[in-house]
Amino acid sequence: MQSRRTVLRGLAAGAVLGPAAVLTGSPAEAAAGYHLAVVDQNSKTVRIYDRRAKRWNDDAVIWSFTGKEPWFGTAWWADLSDVKIRKTQGRGRIALVCASGGAAGIVDIKRREHTDSDNDLIWQAYPDDNPHSIERIPHNGSILTASSKGGKNLQLYSPKNPKKIDDFDSYEKVNSWSFPGAHGILWDPRTKNKVSQGVLWVLGDGRLVGYKVRGAGRNTDLDVWREVMIDHPGAKMGHDLQPDYTNRGHLLLTDSKGVYRYDVNRDKVISKPIWAKGRVKSIARHPVTKEYIWVVGSPDTGEMGTKVSIGKVLGKPTAERGWSDARFYKARIFSPDYE
């Protein structure tokens, strides 16, 4: 296996195989070709591991981000809640992170092997009210956060100069909107040739809403494009929202009752889960191996999970990684791809 430093250079340069890469050979060989970014609330870390690692210990960590807390004052980086890997023209790959304690930030992945909120953020903000998700609009540069509480659940940060979208020092908050229970936010390109025609999806309590992004810089705004209801008996608290990398134009989402697949080309109510399982906090799927990656929480561990499960059939893992005092909330395929 390659050294962590060699792999880290590959991550920063985009050389490590992601979902869109062509993997050859047996399924076992293909499975060895991707990495996972895992959010653990107990250790306040995001860690990247190789899928083929037999154990997730310190020696297996390829890259990490730690939310540091002050000796006194607000614990902004408590309870890390999301990570997304994105690619910029000027800086290469970056990690978008946010925490329920109230903070959001962007980390330059190539800066060093072990990063933290004190030294390695190239952008940060404090949306507060329990941030659960963060996203960046690729053609526009704007950053949006989704918080589950308060009256300003969606917060928009945009560059002052719309021609310098990689200048994170110039970003400022320009707008906010109410979206009860906002938990997931995801950019959907819709078409690779005209990225500006994409849709920003937001998942909250009982609904999934698609927005069109218009304007640039300080004039960036959102217009509702589609509202999809989640229709089933009982609680409908949304949890996670990700692309289904095996099926372009499809989204994977979770709520209080299960895991769902939504076809963005068909404006239909979401009602029947593909897995009727409560407390699924995180969902992802690899396009080549067809493996699902999921985290299931427990009331005994503060609704977090102690393991990340991997398998081609939901609920039937062929591999599990974790440790007894882990409090996993998210597990992402390491890739900047939006679909």
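Got at least one residue in the stretch 105-114 being farther than 18 Å from GLN242 by Cα, in a loop (DSSP other than H, G, I, E, B) and in contact (Cβ under 8 Å) with a residue 40 or more places away in the chain?
Among the residues of the stretch 105-114, at least one is farther than 18 Å from GLN242 by Cα, in a loop (DSSP other than H, G, I, E, B) and in contact (Cβ under 8 Å) with a residue 40 or more places away in the chain, which makes the answer yes.
Regarding TYR211, is this residue outside any strand (DSSP E or B), more than 19 Å from VAL296 (Cα to Cα) and of a type in the set (Ser, Thr, Tyr)?
Here the answer is no, as TYR211 does not meet what is asked.
Could you check how many residues of the stretch 249-294 are among the basic types (Lys, Arg), in a loop (DSSP other than H, G, I, E, B) and touching a strand residue (DSSP E or B) at 6+ places or on another chain (Cβ under 8 Å)?
Number satisfying all stated conditions: 4.
Which of the residues belonging to the stretch 318-339 are buried (at least 19 other Cβ atoms within 10 Å of the Cβ), part of a loop (DSSP other than H, G, I, E, B) and either hydrophobic (A, V, I, L, M, F, W, C) or over 21 Å from the mean Cα position of the chain (by Cα) (or both)?
Across the stretch 318-339, the qualifying residues are ALA326, PHE334.
Here are the criteria: (1) at pLDDT below 95; (2) touching a Pro at 6+ places or on another chain (Cβ under 7 Å). Tell me which single one ALA99 does not satisfy.
Result: ALA99 passes all but (1).
Being outside any loop (DSSP other than H, G, I, E, B) and of a type in the set (Val, Ile, Thr) is the filter here, so list the residues in the stretch 42-64 that pass it.
If we filter the stretch 42-64 for residues that are outside any loop (DSSP other than H, G, I, E, B), which is where we start, we get 45-50, 58-60, 63-64.
Across the stretch 42-64, the qualifying residues are THR45, VAL46, ILE48.
Would you point out the residue of the stretch 230-268, among those that are of a type in the set (A, V, I, L, M, F, W, C) and crowded, with 21+ Cβ neighbours inside 10 Å, that is nearest to the chain's Cα centre (by Cα)?
LEU241
Per-residue answers, yes or no, for (1) of a type in the set (Asp, Glu); (2) crowded, with 20+ Cβ neighbours inside 10 Å; (3) over 23 Å from ARG214 (Cβ atoms):
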position: LEU96; (1), (2), (3): no, yes, no
position: ALA99; (1), (2), (3): no, yes, yes
position: ILE109; (1), (2), (3): no, yes, yes
position: ASP118; (1), (2), (3): yes, no, yes
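Quick check: is even one residue across the stretch 43-63 under 19 Å from ASP120 (Cα atoms) and surrounded by fewer than 17 Cβ atoms within 10 Å (Cβ to Cβ)? Step through it out loud before you land on a result.
Filtering the stretch 43-63 down to residues under 19 Å from ASP120 (Cα atoms) leaves 43-48, 61-63.
Subset that is surrounded by fewer than 17 Cβ atoms within 10 Å (Cβ to Cβ): 43.
Scanning the stretch 43-63 turns up at least one residue that is under 19 Å from ASP120 (Cα atoms) and surrounded by fewer than 17 Cβ atoms within 10 Å (Cβ to Cβ).
Only residues that are assigned to a strand (DSSP E or B) and in contact (Cβ under 8 Å) with a residue 40 or more places away in the chain: list them for the stretch 298-317, please.
VAL308, ILE310
Residues to consider are ASP82, ASP129; find the one that is surrounded by fewer than 24 Cβ atoms within 10 Å (Cβ to Cβ) and either out of contact with any Leu (no Cβ under 9 Å at 6 or more places or on another chain) or not in a loop (DSSP other than H, G, I, E, B) (or both). First the steps, then the outcome.
Working: ASP82 fails: surrounded by fewer than 24 Cβ atoms within 10 Å (Cβ to Cβ).
Unique residue meeting the criteria: ASP129.
Output the residues belonging to the stretch 145-161 that are touching a Lys or Arg at 6+ places or on another chain (Cβ under 8 Å) and not charged (D, E, K, R).
Within the stretch 145-161, the first condition is being touching a Lys or Arg at 6+ places or on another chain (Cβ under 8 Å), and the residues that meet it are 155-158, 160.
Listed by number, the residues that qualify are GLN155, LEU156, TYR157, SER158.
Using the structure shown, decide if LYS87 is part of a strand (DSSP E or B), under 15 Å from the mean Cα position of the chain (by Cα) and surrounded by fewer than 18 Cβ atoms within 10 Å (Cβ to Cβ).
So LYS87 fits the description; yes.
Here is a check on your reading of the model: is ARG190 at positive phi and assigned to a loop (DSSP other than H, G, I, E, B)?
Yes: the conditions hold for ARG190.
Let me confirm something: among ILE122, ILE143, which residue is in contact with a strand residue (DSSP E or B) (Cβ under 8 Å, 6 or more places away or on another chain) and surrounded by fewer than 19 Cβ atoms within 10 Å (Cβ to Cβ)?
On inspection, the qualifying residue turns out to be ILE122.
Determine if the stretch 274-286 includes at least one residue that is within 18 Å of LEU36 (Cα to Cα) and more than 16 Å from the chain's Cα centre (by Cα). Give the steps one after another, and end with the answer.
Keep residues of the stretch 274-286 that are within 18 Å of LEU36 (Cα to Cα), which gives 280-286.
Still in the running and more than 16 Å from the chain's Cα centre (by Cα): none.
Among the residues of the stretch 274-286, not one is within 18 Å of LEU36 (Cα to Cα) and more than 16 Å from the chain's Cα centre (by Cα), which makes the answer no.
Filter the stretch 142-179 for residues that are assigned to a loop (DSSP other than H, G, I, E, B), within 20 Å of the chain's Cα centre (by Cα), small (Gly, Ala, Ser) and over 18 Å from ALA95 (Cα atoms) and give the result.
SER148
Looking at the structure I just gave you, is VAL295 of a type in the set (Val, Ile, Thr), within 23 Å of ARG207 (Cα to Cα) and either touching a residue at least 12 places away in the same chain (Cβ under 8 Å) or crowded, with 17+ Cβ neighbours inside 10 Å (or both)? Lay out the reasoning, then the answer.
Numbers: of a type in the set (Val, Ile, Thr): yes; within 23 Å of ARG207 (Cα to Cα): yes; either touching a residue at least 12 places away in the same chain (Cβ under 8 Å) or crowded, with 17+ Cβ neighbours inside 10 Å (or both): yes.
It is true that VAL295 is of a type in the set (Val, Ile, Thr), within 23 Å of ARG207 (Cα to Cα) and either touching a residue at least 12 places away in the same chain (Cβ under 8 Å) or crowded, with 17+ Cβ neighbours inside 10 Å (or both).
Based on this model, can you work out whether PHE72 counts as surrounded by fewer than 20 Cβ atoms within 10 Å (Cβ to Cβ), under 28 Å from SER148 (Cβ atoms) and aromatic (Phe, Trp, Tyr)? Break it down stepwise before answering.
Working: surrounded by fewer than 20 Cβ atoms within 10 Å (Cβ to Cβ): yes; under 28 Å from SER148 (Cβ atoms): yes; aromatic (Phe, Trp, Tyr): yes.
Considered against the rule, which asks whether it is surrounded by fewer than 20 Cβ atoms within 10 Å (Cβ to Cβ), under 28 Å from SER148 (Cβ atoms) and aromatic (Phe, Trp, Tyr), PHE72 comes out as yes.
The values are calculated or read from the model by the stated rules, or taken from the named source; none is laboratory data. Keep in mind that this is a model prediction, so the values were computed, not measured. For neighbour counting, all protein chains shown are included, and Cβ atoms are generated from backbone atoms with ideal geometry for every residue, glycine included.
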